[in-house]
Amino acid sequence: MDPHELQSILRGAQEARCGALDEPTGKRILAGYGIAVPNAVVLAGDGSFAQVEGRLKQPYVLKLISPDVIHKTEMGGVRLNLASTQALEQAAGEIRQRVEAAGARVEGWLVEEMAESGVEVVVGGLRDPEFGPMVMIGLGGIFVEIFKDVSFRICPVTRGDALQMVDELQSNPLLKGARGKEGVSIDALVETILRVGGEDGVLMHGQPQVAELDINPLIVSRHGAVAVDARFILDQ
Amino acid sequence: MTELKIFDSLFHPKSIAVVGASSSTVSGGNRFIRNLRAFGYQGPIYPVHPEAAEIEGLKVFPSLGALPETVDYAYVATAAARVPAVIRSGRGKVRVAQVMSSGFGETAEGDSLQQDLLAAARDAGVRVVGPNCLGVYSPRARVSFTRRVTDEPGHVGIICQSGGLGTDIIRRGQNRGLRFSGLVTIGNAVDVSASELLEYFLSDDRTRVIGMYLESARDGRRLFEILRQAGCRKPVVLLKGGGTAEGRRAASSHTGALAGSEQAWAALGKQTGMPIVDTLDAFLDALLLCQCLQPRAQATRHIALFGNGGGTSVLGTDACGRAGFSVPPFPAPILAELEGLKLPAGSSVLNPVDVPAGALQQNEGKAATDIVRVLTHAGNIDAVIIHANMTVITDFQHVDMLKNIISAVTQARLSAAGVAHLILVLRSDGDAEIEEKKRGYRRDAVQAGIPVFNEIAEAARALACLRIIELAREAGQP
């Protein structure tokens, strides 16, 4: 993605007083920077799920798009492993009920293909008040949340920095392979770190608007890395 | 680079103005003038005072504007509220002013006064160091803000955010054997920043090692860029204060919640090959090691330990391990050479080499020097830590074994380039007589380029700092 295009998306969102980018926009940016995201179809709130058929491989993932819901998982706004468009319809109905009962709006739906299984990694970014943009990695779930097993670097990072970040994680045997389990693609992870935090990465080009970024999770498999969720928090 | 030349005025002033000296009492300004004279400063000193005619026997000028020449350096220690006006009056007459006065941004009420000071500095074209600091120490220029400091110049440059700690760094440092090219306290750093001074020291031929004490950085980004660009061509060691502050902003993301000042500074160190320490002693230890030893082309990994004392050898081996080093077995030819020395019973020539004091002084202490000679050329050894229990060794009166060891180490260093790092650990029981002897040996050793530590663990930690620099160079970072 051309840095001007990124800047115009970010400025537009700021002017519209959006504190965060919606998920499809976030993923469009990541894809524009060469980071793999799942194939997806975006539907309006009242759109028909029938149009998904033939455009995406089953099973599907359904995600709520709502400007009122910050943590969509907690709101039950994400459903995995839906086998058919009928299952999509039904799941969407259930989500809508919950969301509307909570007084929030349904703006639309993001339907995606399920990502290949792998190790869940968090790749994040933030603007540090002293050092400017920084990039972070950690393994998803308990490793980040309980053990705080994360590694930070100041952007732009070099390939050497990115490799060191991976080595620094205490949980890295889970990436490299341990106890008879095969490792995942460290190359794909390093490449993603560079596309987020490198010289021409999202975080460098996204200054000064991007205050925080969570790619959580990035699913790293033997063959690649896919950003399954993306959250850009903008400077207010 | 030309704007860096301005800092020659700070560290090598040809003339000095002093604002805040008194004709009736002894204030900070008076003490500074007295320090300058006692330290042998040769340039003209101009006290500035609106009413007084003479201060410390020197002719007084009513304002900076009335000075007979443009001075390189103005020492300003007057009431905070007056400082912006003083700086404005220095237009065209002062190159660098250092403001000691406090009551600026470090207090809740002083914020606007600090902005005022910055505006005054820009308006007057005067570079301002401080406020809220103590001064500058530059032995080559015979300038010092504090007493009890050596006039022997050296090659260690220090940027210190705290004034009081700056004094500690000079005094405790010089007793450890550190010799400085300059030390500047920067306080609130409203105008001249740590990164500018870092750039100056990096370009200054008289400075070979740089130390910084920082609590925060207004221009952290610049610091990062300068350090990265410098590529470890000079060792830079950071003593970081205020590292345990909680996360810095109300975060809305996972990443934001996990980030804090500590992570950012740690990243800075990792990405630029800059060791970060958290105590004054560890800082001085690392600087001393860097003052004495050149980083090796291949990073230090394997250590040989040699000295007297079994338990000390064991604890020393543990400490080296914890610092990330191995104390490996010697290759067969080296082992054969050591065995060929025919050391008496009770000696162990395996690594760690443990030889009782009595055995060490065989042949007038030649046994010890023979061992040092062999170890420094052992191919798989990157550093040799020689440790001596001073109390035991000084009981043997007829041979000055430490002197022999120091000269053996000196010879070993001269005889071949690329020999192992040589480090001396002098262990003392704290007895006054032993301490006095230790002081003498320490001085001789450091003068010969051998760093001296109090314990093996301290030596190992300092060596781990040097290894960070060596590894960064090895990796060709950035």
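Quick rundown of the values:
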| quantity | calculated |
| --- | --- |
| Residues of the stretch B:233-257 satisfying the condition of being at pLDDT 65 or above and more than 11 Å from chain A (Cβ to nearest Cβ) | B:Arg233, B:Lys234, B:Pro235, B:Val236, B:Val237, B:Leu238, B:Leu239, B:Lys240, B:Gly241, B:Gly242 |
| Residue tally, condition modelled with pLDDT of 85 or more, assigned to a helix (DSSP H, G or I) and among the acidic types (Asp, Glu), over the stretch B:328-387 | 3 |
| Selection from the stretch B:189-230 of residues that are among the aliphatic types (A, V, I, L, M), within 19 Å of B:Ile169 (Cβ to Cβ) and within 12 Å of chain A (Cβ to nearest Cβ) | B:Ala194, B:Leu214, B:Ala217 |
| Residue identified as farther than 14 Å from A:Gln170 by Cα and within 9 Å of another protein chain (Cβ to nearest Cβ) among A:Met134, A:Met114 | A:Met134 |
| Subset tally (residues that are assigned to a helix (DSSP H, G or I) and either surrounded by 14 or more Cβ atoms within 10 Å (Cβ to Cβ) or not charged (D, E, K, R) (or both)) for the stretch A:1-44 | 20 |
| Test set (1) modelled with pLDDT of 95 or more; (2) in the same structural domain as B:Lys234 (by TED's automatic domain parsing); (3) at positive phi - B:Gly92 fails condition number | (2) |
| Unmet criterion (only one of (1) within 14 Å of another protein chain (Cβ to nearest Cβ); (2) surrounded by fewer than 23 Cβ atoms within 10 Å (Cβ to Cβ); (3) not polar (S, T, N, Q)) for B:Leu280 | (1) |
| Residue within the stretch B:106-117 that is out of contact with any Leu (no Cβ under 9 Å at 6 or more places or on another chain), surrounded by 23 or more Cβ atoms within 10 Å (Cβ to Cβ) and among the hydroxyl-bearing types (Ser, Thr, Tyr) present | no |
| Tally of residues being at pLDDT below 95 and assigned to a helix (DSSP H, G or I) across the stretch B:24-76 | 1 |
| Pair list, Cβ < 9 Å and 6+ apart or interchain, from the stretch A:154-165 residues that are within 10 Å of another protein chain (Cβ to nearest Cβ) and within 13 Å of A:Gly125 (Cβ to Cβ) to residues that are assigned to a loop (DSSP other than H, G, I, E, B) and of a type in the set (Gly, Ala, Ser) | A:Cys155/A:Gly198; A:Cys155/A:Gly201; A:Pro156/A:Gly198; A:Pro156/A:Gly201; A:Val157/A:Gly198; A:Val157/A:Gly201 |
| Residues of the stretch B:176-195 classified as of a type in the set (S, T, N, Q) and either in the same structural domain as B:Glu436 (by TED's automatic domain parsing) or more than 14 Å from B:Leu134 (Cβ to Cβ) (or both), total | 3 |
| So A:Ile186, is it under 20 Å from B:Leu258 (Cα atoms), assigned by TED's automatic domain parsing to the domain that holds A:Leu126 and at pLDDT 95 or above | no |
| Matching residues, the stretch A:87-133, being without any contact (Cβ under 8 Å) to a residue 60 or more places away in the chain and part of a strand (DSSP E or B) | A:Asp128 |
| Scan of the stretch B:388-413 for residues that are under 28 Å from the mean Cα position of the chain (by Cα) and outside any helix (DSSP H, G or I), ordered by number | B:Ala388, B:Asn389 |
| Residues being away from every other protein chain (no Cβ under 14 Å) and under 18 Å from the mean Cα position of the chain (by Cα) - total across the stretch A:195-208 | 3 |
| Qualifying residue in the stretch B:417-435 (condition: of a type in the set (S, T, N, Q), within 19 Å of B:Val156 (Cβ to Cβ) and modelled with pLDDT under 95) | no |
| Members of the stretch B:191-230 found to be outside any strand (DSSP E or B), of a type in the set (Val, Ile, Thr) and in contact with a Phe, Trp or Tyr (Cβ under 7 Å, 6 or more places away or on another chain), listed by number | B:Thr207 |
| Of all residues making up the stretch B:255-273, the number that are in contact (Cβ under 8 Å) with a residue 60 or more places away in the chain and either crowded, with 24+ Cβ neighbours inside 10 Å or under 18 Å from A:Gly124 (Cβ atoms) (or both) | 3 |
| Qualifying positions in the stretch A:73-85 - in contact with a helix residue (DSSP H, G or I) (Cβ under 8 Å, 6 or more places away or on another chain) and either assigned to a loop (DSSP other than H, G, I, E, B) or surrounded by fewer than 14 Cβ atoms within 10 Å (Cβ to Cβ) (or both) | A:Met75, A:Gly76, A:Gly77 |
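One line per residue, one yes/no per condition, for (1) within 16 Å of A:Lys27 (Cβ to Cβ); (2) crowded, with 19+ Cβ neighbours inside 10 Å; (3) assigned by TED's automatic domain parsing to the domain that holds A:Gly177; (4) modelled with pLDDT of 95 or more:
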residue: A:Val190; (1), (2), (3), (4): no, yes, yes, yes
residue: A:Val196; (1), (2), (3), (4): yes, yes, yes, yes
residue: A:Met204; (1), (2), (3), (4): no, yes, yes, yes
residue: A:Leu213; (1), (2), (3), (4): yes, yes, yes, yes
residue: A:Asn216; (1), (2), (3), (4): yes, yes, yes, no
residue: A:Val220; (1), (2), (3), (4): no, yes, yes, yes
residue: A:Ala225; (1), (2), (3), (4): yes, yes, yes, yes
residue: A:Asp229; (1), (2), (3), (4): yes, yes, yes, no
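The values are calculated or read from the model by the stated rules, or taken from the named source; none is laboratory data. All figures in this text were calculated on a predicted structure; none of them were measured in a lab. With ideal geometry, Cβ positions are generated from the backbone for all residues, glycine too; neighbour counts draw on all protein chains shown.
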